[in-house]
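The structure appears right after this line, and notes come after that.
What follows draws every value from the coordinates through simple rules; no lab data is involved. This structure is a prediction, so every number in the text was calculated from the model and none was measured. All Cβ positions, glycine included, derive from the backbone under ideal geometry; neighbour counts span all protein chains shown.
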Amino acid sequence: MAIQPHNEKAAATWGSGGADYDRISESIADSIEHLLNRLDIRPGERALDLATGTGWTARRLAQKGAKVTGLDIGAGVIEAARRLAEQANLRIDFRVGDAEAMELPDAGFDVITSTCGVMFASRPEAVASELARLCRPGGRIGLTTWPPDGAIAGVFQVMRPYMPPPPGPPPPSPFEWGREARLRELLGDAFELQIETGTTVLRMPDAEAVWQLFSTGYGPTRMLLQNTDRKEALKRDFLAFHEAHRTPMGITMPRDYLVVVGRRR
């Protein structure tokens, strides 16, 4: 599948974490289980996991008996996803592709998931249109998203001063997918939506351990560190942000999220 030219930089960024991205997914595994519980996956269902990363959610879908396709814009994470699925003896069709324009059949899936994934696409309306096209009538979509006032949005605020200015008009904030009004604007015409909140807690020994996790496995942080000439200042600010969540036993950071389940009208 082709990556659209305006998404080539994003593809390199999100793919850069490779197999290390799986540890990022592990750190939010309880939020993924929350979503899958609400979706009530049935054996034999055709499932598509978008922005699959290293395939954590796709593997869980397959373990529940679904026939799974996993798609991500980053070649590096898809390569790792294939290896991890093979090691787990799971048959999953992993592909590199662009969630804004997918070469997949109309109404081809019973369930479509994306766990903190498609919210980062540069053209949200295009993604919403593809979700509607690919989900069969009566089928379900399930998303987890980060809200604009949450801890993950805070991490991006820490990183923002070290990012180059975006070209032209800036893309919409991914954290708009964490507002119920915006979700209904994007998806409400095609899907009957239900939305609830949850909290996943990041527990690490110290802020240095969080830095190692993100600077190796999380594409945006990894690429920012690689490209900035202010590496020490970036690390200092990142550590300080997470140290604010220190307890006697280590870092304990609550991270609120939304679970969104939609039934195709």
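Sorted largest first, the spans of the alpha carbon positions of region 101-223 along the three principal axes are 47, 36, 28 Å.
The packing ranking, built from the mean of other Cβ atoms within 10 Å per residue, places the peptides 142-148, 19-25, 191-197 in the order 142-148, 19-25, 191-197, highest first. Taking the DSSP beta bridges with both ends in region 5-264, the antiparallel portion is around 55 percent. Seen from residue 25, the other residues with C-beta closer than 14 Å to its C-beta sum to a net charge of -3, counting Lys and Arg as +1 and Asp and Glu as -1.
Highest GNM mean-square fluctuation among 70, 117, 55, for the chain modelled with Cα contacts below 10 Å: 117. Residues considered: 128, 66, 233. Largest GNM mean-square fluctuation over the chain, using C-alpha springs under 10 Å, is found at 233.
Under the simplified labelling scheme, the residue 228-residue 89 pair shows an inter-label distance of 4.5 nm, with each label point 7 Å from Cα along Cα→Cβ.
Taking a straight Cα-Cα cut-off under 13 Å and skipping sequence neighbours fewer than 8 places away in the same chain, the aspartates and glutamates within cross-link reach of residue 64 are 33, 40, 45.
By the equivalent-ellipsoid construction on the alpha carbon gyration tensor, region 208-265 comes out with semi-axes of 28, 19, 9 Å, ordered largest to smallest.
In units of 2.2 N^0.38 Å, what is the alpha-carbon radius of gyration of region 1-147?
0.94
Based on DSSP H segments of at least four residues, each scored -39500 (n - 2.57), the chain has a per-residue ellipticity at 222 nm of -11500 deg cm²/dmol.
Each of [x] 49, 36, 35; [y] 50, 43, 35; [z] 69, 40, 33 is a candidate for Cα extents along the principal axes in Å; the one calculated from this structure is [y]. First select every other residue whose beta carbon is under 9 angstrom from the beta carbon of residue 192; then total the charges, Lys and Arg +1, Asp and Glu -1. Local charge sum for residue 192: +3.
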